[in-house]
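*Asks:* I have a structure here, written as structure tokens, and I will follow up with some questions on it.
The values are calculated or read from the model by the stated rules, or taken from the named source; none is laboratory data. Everything numeric in this text was worked out from a predicted model, so none of it was measured. So basically every Cβ, Gly included, is an ideal-geometry build from the backbone, and we count neighbours across all protein chains shown. The protein model used for the area step is the full one, side chains on, heavy atoms only, and it has no ligands, DNA or RNA in it. Shrake-Rupley method; radii C 1.70, N 1.55, O 1.52, S 1.80 Å.
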Amino acid sequence: MPNDAMPDLDTAPAYVLAAAIGEGRLSAREACEAAIRRIERLDGAINAVVVRDFERARAQAAQRDAQLACGERLPLLGVPMTVKESLDVAGLPTTWGLPQLRDFRPKDDAVAVARLKAAGAVILGKTNVPPSLADWQSTNPIYGRTVNPRDAARSPGGSSGGAAAAVASGMVPLECGSDIGGSIRVPAAFCGVFGHKPSFGLVPHRGHGFPGTDGAQTELAVIGPLARTAVDLDIALGVIAGPDIEAAAAYRLALPAPRPTRLAGCRLLALDTHPRARTDSIIREAIAGLCGDAARAGAEVVRETALLPDLDAAHDRYLAMLGAIMTRGAPNVPHVISAHEWFLLLDQQMRLRRQWQTLFERFDAVMTPAFGSLAYPHVDAPDMRTSTLIIDGEPTVYGHQLAWPGVATFPGLPATAVPIGTTAAALPIGVQVIGAYLHDRTTIAVAGHLHALRAS
């Protein structure tokens with residue numbers, strides 16, 4: 001695109017909009033109004049942006065134009081975006097989809113939200129979630145159901161389902177979600193966009209705690225971006241990552257540069273089966289095709305290795321830790337695990353991370369399914385233990401699909417969801433790229449290379 005051209009406001013990624021605004025080809029107010037029009041035009045059928053804050057967004061946009069006039073240049077200057085409903089935005093509801101929290105209004109922004117604003121982003125509102133963020137759908141008693149922009153009869157994923165739907169439909173170029181059980185990666189895969197689960201602890205969690213429990217960092221849980229390009233993921237991660245106030249007095253973030261600068265020479269391990277979860281043949285065939293394309297592009301692609309940790313044992317430990325976390329703050333919770341059992345899980349978690357570290361001395365990244373199925377038809381009142389999904393024509397237990405997200409979640413590794421194609425019915429196919437701890441820029445870069453390979 002020529003440097004003096006106006007970007008297509010309906011399709012331009014965040015980095016293109018920020019460049020156009022920074023160069024004076026576009027105003028923040030114009031970008032904001034275009035996004036508002038898109039939401040008003042598109043969201044009635046999707047129901048993704050369930051909390052709208054348009055007047056304050058217009059004021060933010062005016063402020064961004066004033067900043068630009070004063071010579072400020074920021075990485076997201078004037079970029080319109082939304083954030084997940086569970087992230088605190090001062091003055092807006094944070095309900096986690098629970099009726100009893102309908103009237104809760106935080107006084108302060110979450111750290112991630114504050115950093116996005118400080119980087120120049122304009123926050124238009126908040127996107128839908130399931131109750132307590134505990135489903136791969138985004139339906140709750142307060143806001144209703146969000147549908148997949150590619151097929152309204154199917155889930156957009158969860159719990160950052162409204163986020164992925166808003167990006168995939170073109171309403172906004174950038175979103176901020178959270179992930180503990182695939183809540184960024186699954187919606188990204190279902191809707192055909194990019195999503196990044198950062199390394200554990202990389203992005204401060206303050207302002208994203210279940211109301212009443214926002215103190216200690218929640219183990220496993222992370223906050224991360226969703227976008228239509230890998231470039232935008234990298235920019236947004238650079239904005240929101242880094243130590244919180246107390247640690248920032250002594251520490252500075254310096255993430256390693258991506259290991260491979262191109263696909264040629266990249267060392268990839270590709271997995272398509274898990275001992276605890278079925279994987280649809282469509283996804284396995286897509287991974288096989290991608291492996292072939294990557295190998296022809298000069299990558300080293302390996303399908304098995306003795307260095308792979310025991311995924312079966314790791315999954316049991318992940319479920320034990322996740323069960324304790326997900327009941328935190330809930331009333332009348334029965335005994336889950338003892339403190340000694342919790343510390344044992346932490347020991348096992350760290351040993352697992354060291355095993356992965358050894359594997360990543362041999363490989364740059366690991367590619368796996370983000371989820372074992374494509375976006376599935378809406379399931380009313382799902383139960384993780386008894387509800388089923390149909391995979392290759394056979395029912396499989398709903399909750400078993402925690403296995404694929406858990407590969408990266410339990411050891412706290414970075415993982416980037418990347419769209420790699422669509423089915424004959426135009427349903428997106430996505431995979432996740434997992435990397436060594438704190439090598440987030442590597443997984444984002446590899447995801448970008450793989451996407452470009454399939455898009456070419």
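Rundown of residues vs (1) more than 21 Å from residue 208 (Cα to Cα); (2) in a loop (DSSP other than H, G, I, E, B); (3) touching a residue at least 40 places away in the same chain (Cβ under 8 Å), yes/no style:
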| position | (1), (2), (3) |
| --- | --- |
| 55 | yes, no, no |
| 59 | yes, no, no |
| 68 | yes, no, yes |
| 75 | yes, yes, yes |
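*Asks:* Could you grab me the full set of residues in segment 150-172 that are touching a Ser or Thr at 6+ places or on another chain (Cβ under 7 Å) and buried (at least 24 other Cβ atoms within 10 Å of the Cβ)?
*Replies:* 156, 158, 159, 160, 161, 162, 163, 165, 166, 172
*Asks:* Please state which one of 236, 257, 270 is within 25 Å of residue 300 (Cβ to Cβ), among the small types (Gly, Ala, Ser) and touching a strand residue (DSSP E or B) at 6+ places or on another chain (Cβ under 9 Å). Walk me through how you get there before you give the answer.
*Replies:* Numbers: 236 fails: within 25 Å of residue 300 (Cβ to Cβ); 257 fails: touching a strand residue (DSSP E or B) at 6+ places or on another chain (Cβ under 9 Å).
Of 236, 257, 270, the one residue that is within 25 Å of residue 300 (Cβ to Cβ), among the small types (Gly, Ala, Ser) and touching a strand residue (DSSP E or B) at 6+ places or on another chain (Cβ under 9 Å) is 270.
*Asks:* Only one residue in 239, 203 is within 22 Å of the chain's Cα centre (by Cα), at negative phi, modelled with pLDDT of 95 or more and open to solvent by less than 20 Å² (accessible area, probe 1.4 Å), so which one is that? Steps first, please.
*Replies:* Numbers: 239 fails: open to solvent by less than 20 Å² (accessible area, probe 1.4 Å).
Within the list 239, 203, the selection yields 203.
*Asks:* Being at pLDDT 95 or above, more than 24 Å from residue 84 (Cα to Cα) and open to solvent by 30 Å² or more (accessible area, probe 1.4 Å): is that true of residue 62 here?
*Replies:* On the way: at pLDDT 95 or above: yes; more than 24 Å from residue 84 (Cα to Cα): no; open to solvent by 30 Å² or more (accessible area, probe 1.4 Å): yes.
No.
*Asks:* Now, a different point. Only residues in segment 95-123 that are of a type in the set (Asp, Glu) count as the first member; pair them with residues that are crowded, with 18+ Cβ neighbours inside 10 Å and in a loop (DSSP other than H, G, I, E, B), Cβ under 7 angstrom, at least 6 apart or cross-chain, and list the lot.
*Replies:* The qualifying pairs are 108/88; 108/207; 109/88; 109/89; 109/207.
*Asks:* Please name all residue pairs, on different chains or six or more residues apart, with Cβ atoms under 7 Å, provided the first residue is in segment 252-275 and is closer than 24 Å to residue 420 by Cβ and the second residue is open to solvent by 20 Å² or more (accessible area, probe 1.4 Å) and part of a loop (DSSP other than H, G, I, E, B).
*Replies:* What qualifies is 259/439; 263/297; 263/298; 264/297; 264/298; 265/298; 269/305; 270/303.
*Asks:* Could I ask something else about it? Can you name the residue in segment 290-337 that is modelled with pLDDT of 90 or more, more than 17 Å from residue 412 (Cα to Cα) and among the small types (Gly, Ala, Ser) and is also surrounded by the fewest Cβ atoms within 10 Å (Cβ to Cβ) among such residues?
*Replies:* 306
*Asks:* Inside segment 346-389, can you point out the residues that are among the hydrophobic types (A, V, I, L, M, F, W, C) and surrounded by fewer than 19 Cβ atoms within 10 Å (Cβ to Cβ)? Before the answer, list the steps.
*Replies:* The first filter runs over segment 346-389 and keeps only residues among the hydrophobic types (A, V, I, L, M, F, W, C), leaving 346, 350, 352, 356, 359-360, 363, 365-367, 370-371, 374-375, 379, 381, 384, 389.
Across segment 346-389, the qualifying residues are 346, 350, 359, 379, 381, 384.
*Asks:* Looking at residue 434 and the list (1) open to solvent by less than 10 Å² (accessible area, probe 1.4 Å); (2) over 30 Å from residue 351 (Cα atoms), which single condition is not satisfied?
*Replies:* Single failed check for residue 434: (2).
*Asks:* Select from segment 77-97 the residues that are buried (at least 18 other Cβ atoms within 10 Å of the Cβ) and of a type in the set (A, V, I, L, M, F, W, C) and list them in ascending order.
*Replies:* Selection gives 77, 79, 81, 83, 87, 89, 92, 96.
*Asks:* If I ask for residues that are open to solvent by 10 Å² or more (accessible area, probe 1.4 Å) and either of a type in the set (A, V, I, L, M, F, W, C) or out of contact with any helix residue (DSSP H, G or I) (no Cβ under 8 Å at 6 or more places or on another chain) (or both), which ones from segment 437-448 would you list? Working first, answer last.
*Replies:* The initial filter retains those residues of segment 437-448 that are open to solvent by 10 Å² or more (accessible area, probe 1.4 Å), namely 437-439, 441, 445, 448.
Answer for segment 437-448, where residues must be open to solvent by 10 Å² or more (accessible area, probe 1.4 Å) and either of a type in the set (A, V, I, L, M, F, W, C) or out of contact with any helix residue (DSSP H, G or I) (no Cβ under 8 Å at 6 or more places or on another chain) (or both): 438, 445.
*Asks:* Go through segment 343-371 and give me each residue that's within 15 Å of residue 315 (Cα to Cα) and aromatic (Phe, Trp, Tyr).
*Replies:* Matches in segment 343-371: 356, 371.
*Asks:* Consider segment 43-56. How many of its residues are surrounded by fewer than 22 Cβ atoms within 10 Å (Cβ to Cβ) and small (Gly, Ala, Ser)?
*Replies:* 2
*Asks:* Of all residues in segment 242-261, which are at pLDDT below 95, surrounded by 12 or more Cβ atoms within 10 Å (Cβ to Cβ) and either at positive phi or of a type in the set (D, E, K, R) (or both)?
*Replies:* Result: 259, single match.
*Asks:* While we're on this one: Just to be sure before I move on: is residue 416 surrounded by fewer than 24 Cβ atoms within 10 Å (Cβ to Cβ) and in contact with a strand residue (DSSP E or B) (Cβ under 9 Å, 6 or more places away or on another chain) in the structure I sent? Lay out the reasoning, then the answer.
*Replies:* On the way: surrounded by fewer than 24 Cβ atoms within 10 Å (Cβ to Cβ): no; in contact with a strand residue (DSSP E or B) (Cβ under 9 Å, 6 or more places away or on another chain): yes.
Against the criterion (surrounded by fewer than 24 Cβ atoms within 10 Å (Cβ to Cβ) and in contact with a strand residue (DSSP E or B) (Cβ under 9 Å, 6 or more places away or on another chain)), residue 416 does not qualify.
*Asks:* Taking only pairs six or more apart or across chains, which ones have beta-carbon atoms under 6 Å, a first residue in segment 429-453 that is part of a helix (DSSP H, G or I), and a second residue that is at pLDDT below 95?
*Replies:* Pairs that qualify, where the first residue is part of a helix (DSSP H, G or I) and the partner is at pLDDT below 95, are 442/259.
*Asks:* Of all residues in segment 1-42, how many are under 22 Å from residue 161 (Cα atoms), open to solvent by 80 Å² or more (accessible area, probe 1.4 Å) and in a helix (DSSP H, G or I)?
*Replies:* 3
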